[in-house]
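K.L.:
Quick one: the structure is below, and I'll ask about it shortly.
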Amino acid sequence: MTVESTAARTPRRAGSGGKRASAGAGAKKSVSAKKDVARGKGAEAAQGGEPELVQLLTPEGERVENATYDKYVADITPDDLRSLYRDMVLTRRFDAEAVTLQRQGELGLWPSLLGQEAAQVGSGRATRADDYVFPTYREHGVAWCKGVDPTLLLGMFRGVNHGGWDPNTNGFQLYTIVIGSQTLHATGYAMGVAKDGADSAVIAYFGDGATSQGDVAESFTFSAVYNAPVVFFCQNNQWAISEPTEKQSRVPLYQRAQGYGFPGVRVDGNDVLACLAVTKWALERARAGEGPSLVEAFTYRMGAHTTSDDPTRYRRDEEREAWEAKDPILRLRAHLEAEGHADEGFFAELEAESETLGKRVREAVRSMPDPEPMSIFENIYADGHALVDEERAQFAAYQASFADAPVDAATGGEVK
Ligand SMILES: Cc1ncc(C[n+]2csc(CCOP(=O)(O)OP(=O)(O)O)c2C)c(N)n1
Ligand SMILES: [Mg+2]
């Protein structure tokens, strides 16, 4: 599989024969299906055709009808559209600040969400306050929608804590680095929700690469068998570090659900409205006792995997450029402008708000206190653990050994 063959794939829009809901001024025709056919021998080609993609806003910002999903966004007002736009813009700004802070040495690492704002804000805004989110390490936009103060997300990446927020305050679990493991946690939690008789739902986020993990397969099996109220939200950003999706699966990822006995849907992950609608559908199913579903948000990681990665080593600029044309934020902006839902004043105010957020994030990171060394052993197990106790004692003895060490008068440090 060459890198070239992964470029610029956009599957056919589901219900693409449907009418345009409104023709925005200057909106071009949506990209033709023919042009969108996968160029390589990837997963789509293996299926003998391109998969359907739920899309409500074309890359040009034109609203298209969808017989199945329109009803999930039927109550969306211009205010809501502006607020979705605001969430995406501020999330992107927060993310950009974090990348810069890492480059300045203030953070050890940062996994950017650049390009995935619609997938995260659309799905995040579909959740209710009592729905519980199990994220990976990249769900900064979902955290934002759940009301987690973004500055709290940075502590772990500065190395001053293990997480930085109480998951139960906002129904947003701690970030998980162990790929796919949170899908099992989500499934177990959802099984508990069902046993409690609650009507809330659970949503587990993971990437395309995570679908190759055994944990994800197990969570699909268990959630299906137990009819757990969980939504599996896969952000297919085309890459698992340097591994393209084609090398992860012989079928489009959403089709995996069928084998486990629950529905799977591929949605345009750069279309915030479609992500909102499809996730609402999936959450409502879960709440109604209809069990799990898989949403594959077809999107693109425009940045590097993390600040430690250099994507120029394994992918072409043309690929990123093709996805830039489908930018989720520009798409909604085009729609807002074409429909007359936002004026210059709105965009200027948002720019000012974005500046204020940037300043707040920078100041918060730089003023984070260094932790007490012994605090590394806190919040590991709810009831303690013999091994942690042993390690704590060893570390305490190690720390204490410095107390008696002779001090070099010249340097103020330990005598070598
Ligand atoms: C169990 C496990 N194996 C390997 C890794 C190393 N690793 C970190 S991120 C990553 C790729 C994940 O790709 P994907 O699931 O597509 O998520 P993305 O980062 O693209 O959002 C890997 C292999 C890990 N963290 N955990
Ligand atoms: Mg990925």
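K.L.:
Do we have D309 as at pLDDT 95 or above, in the same structural domain as V272 (by TED's automatic domain parsing) and surrounded by fewer than 16 Cβ atoms within 10 Å (Cβ to Cβ) here?
P.N.:
no
K.L.:
Would it be correct to say that D75 is among the acidic types (D, E) and either part of a helix (DSSP H, G or I) or within 16 Å of ligand 1 (Cβ to nearest atom) (or both)?
P.N.:
no
K.L.:
Take the residues in region 246-262 that are more than 26 Å from A286 (Cβ to Cβ) and within 14 Å of ligand 2 (Cβ to nearest atom); name whichever of them is surrounded by the fewest Cβ atoms within 10 Å (Cβ to Cβ).
P.N.:
The qualifying residue surrounded by the fewest Cβ atoms within 10 Å (Cβ to Cβ) is K247.
K.L.:
What are the residues in region 126-162 that are within 16 Å of ligand 1 (Cβ to nearest atom) and more than 14 Å from the chain's Cα centre (by Cα), if any?
P.N.:
M156, F157, H162
K.L.:
Take the residues in region 191-239 that are among the acidic types (D, E), modelled with pLDDT of 95 or more and in contact with a helix residue (DSSP H, G or I) (Cβ under 8 Å, 6 or more places away or on another chain); name whichever of them is farthest from E117 (Cα to Cα).
P.N.:
E218
K.L.:
Can you say whether V160 is among the hydrophobic types (A, V, I, L, M, F, W, C), in a loop (DSSP other than H, G, I, E, B) and within 19 Å of A240 (Cβ to Cβ), as far as the supplied structure shows?
P.N.:
No.
K.L.:
Given (1) touching a helix residue (DSSP H, G or I) at 6+ places or on another chain (Cβ under 9 Å); (2) in a helix (DSSP H, G or I); (3) over 30 Å from G264 (Cβ atoms); (4) in the same structural domain as P111 (by TED's automatic domain parsing), where does R331 come up short, assuming only one miss?
P.N.:
Single failed check for R331: (3).
K.L.:
In the same structural domain as G108 (by TED's automatic domain parsing), within 25 Å of M302 (Cα to Cα) and surrounded by 18 or more Cβ atoms within 10 Å (Cβ to Cβ): does that describe T187?
P.N.:
no
K.L.:
Consider region 123-145. How many of its residues are surrounded by fewer than 20 Cβ atoms within 10 Å (Cβ to Cβ) and either charged (D, E, K, R) or closer than 22 Å to E97 by Cβ (or both)?
P.N.:
Within region 123-145, residues that are surrounded by fewer than 20 Cβ atoms within 10 Å (Cβ to Cβ) and either charged (D, E, K, R) or closer than 22 Å to E97 by Cβ (or both) number 2.
K.L.:
Looking at T312 and the list (1) in a helix (DSSP H, G or I); (2) of a type in the set (V, I, T); (3) touching a residue at least 60 places away in the same chain (Cβ under 8 Å), which single condition is not satisfied?
P.N.:
For T312, the failing item is (3).
K.L.:
Further, regarding this structure: Residues in region 279-296: is at least one within 16 Å of ligand 1 (Cβ to nearest atom), within 17 Å of E52 (Cβ to Cβ) and aliphatic (A, V, I, L, M)?
P.N.:
Yes, the conditions are met somewhere in region 279-296.
K.L.:
Based on what the data block shows, is A274 within 16 Å of ligand 1 (Cβ to nearest atom) and closer than 27 Å to R320 by Cβ?
P.N.:
no
K.L.:
To continue, here is another question. Can you tell me which residue in region 220-271 is nearest to P135 (Cα to Cα), limited to those that are away from ligand 1 (no atom under 16 Å from the Cβ) and polar (S, T, N, Q)?
P.N.:
Going through the qualifying residues, I end up with S223.
K.L.:
In the list L153, L174, which residue meets the criterion of being assigned by TED's automatic domain parsing to the domain that holds V295, in a loop (DSSP other than H, G, I, E, B), of a type outside the set (G, A, S) and out of contact with any Ser or Thr (no Cβ under 8 Å at 6 or more places or on another chain)?
P.N.:
One residue alone meets the criteria, L174.
K.L.:
Something else about it: Quickly run through region 101-119 and pick out the residues that are in a loop (DSSP other than H, G, I, E, B) and either without any contact (Cβ under 8 Å) to a residue 24 or more places away in the chain or of a type in the set (G, A, S) (or both).
P.N.:
Of everything in region 101-119, those that are in a loop (DSSP other than H, G, I, E, B) and either without any contact (Cβ under 8 Å) to a residue 24 or more places away in the chain or of a type in the set (G, A, S) (or both) turn out to be Q104, G105, G108, S112, G115.
K.L.:
Take the conditions surrounded by fewer than 15 Cβ atoms within 10 Å (Cβ to Cβ) and among the aliphatic types (A, V, I, L, M) and apply them to A334. Does it pass?
P.N.:
Against the criterion (surrounded by fewer than 15 Cβ atoms within 10 Å (Cβ to Cβ) and among the aliphatic types (A, V, I, L, M)), A334 does not qualify.
K.L.:
Among the residues of region 348-371, which ones are touching a Lys or Arg at 6+ places or on another chain (Cβ under 8 Å) and more than 14 Å from T91 (Cα to Cα)?
P.N.:
Residues satisfying the conditions are V365, M368.
The values are calculated or read from the model by the stated rules, or taken from the named source; none is laboratory data. This one's a predicted model, so the numbers in the text were calculated from it and none came from an experiment. Don't worry about glycine lacking a Cβ; one is built from the backbone with ideal geometry, like all the others, and counts go over all protein chains shown.
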